[in-house]
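The block underneath contains the structure these notes are about, expressed in structure tokens.
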Amino acid sequence: MNAPDGFSANNVNLEMLLSTAYGVQNFQIMGTPDWGKSERYDIDAKMDEATAEALKKMSQDDRNAARQKMLQALLAERFGLTVHRDTKELPIYSLVVGKNGSKLTESKPEAPADPNGPPGGPSVSKSADGRGIPALGGRGGMIMSFGRGGAGVMSMSANGVPISNLVRSLSGQLGRPVYDKTGLTGNYDFKLEWSRDDSVSLPSHDGGGGDGPAPAAPPDASGPSLTTAVQEQLGLKLESGKGPVEIIVLDHVEKPTNN
């Protein structure tokens, strides 16, 4: 999480840090070693007073970008990290308004966001069964939770969030990029409930196995699949296709030394 004068995180792996530093989902990161997903770290990084004051004077977008650059520099220093960006043709979803129109409720105007709040990139919170769930910054808030079991019930509650927050969360759950084609520009309140099916494998990084129909909920599930829930409960539709996706490729990374 971000503090006015630094960045701290507990029990996070390298892949989580890369996702935050570069503003991408895990499936957009290629070349992460096994230990980068299994080993956990605690981070408490501080910036000097002049840098902290300079950040306060920036716009939210510029502040987010500056914080990401700082985290990238930290990863380069402590993990010897070098990366390059590339583009690859991968399975995607396009989020569009359904034929009967959106069911989203537009929120009332809120006070401006805290300038020292979290950036627009994903942070990680823990679910009821200990899994990491992307929790998004920006206006309003989004809470995700789900029960135990292979087909546990999942829910997503949002208050005053833009469609971009929903898109990022759907992308993380479905394991492929989701692009906003709705044309909806407001901030919205909604609740979404669906059944998780752990037997459904997510698309691989090489683009295989992801251009067919969206996964359906298992026969004994207590609710609809995520894609069905989006259509029935939000009035939106996820259309499957392929398209260019930006990826982060790890060229070099090594385990950090102790402080």
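Things to note:
- The Cβ shell under 12 Å around Ala52 holds other residues with a net charge of +1, Lys and Arg each +1, Asp and Glu each -1.
- Radius 11 Å from Cβ of Ser8, net charge of other residues (Lys, Arg +1; Asp, Glu -1): -2
- Computed E for Lys99/Ser155 - FRET, C-beta separation, R0 35 angstrom, nearest 0.05: 0.85
Values in this text are rule-based calculations from the coordinates and carry no lab data. What you are looking at is a predicted structure, and each value in this text was computed from that prediction instead of being measured. Positions of Cβ are backbone-derived with ideal geometry, glycine not excepted, and every protein chain shown enters the neighbour counts.
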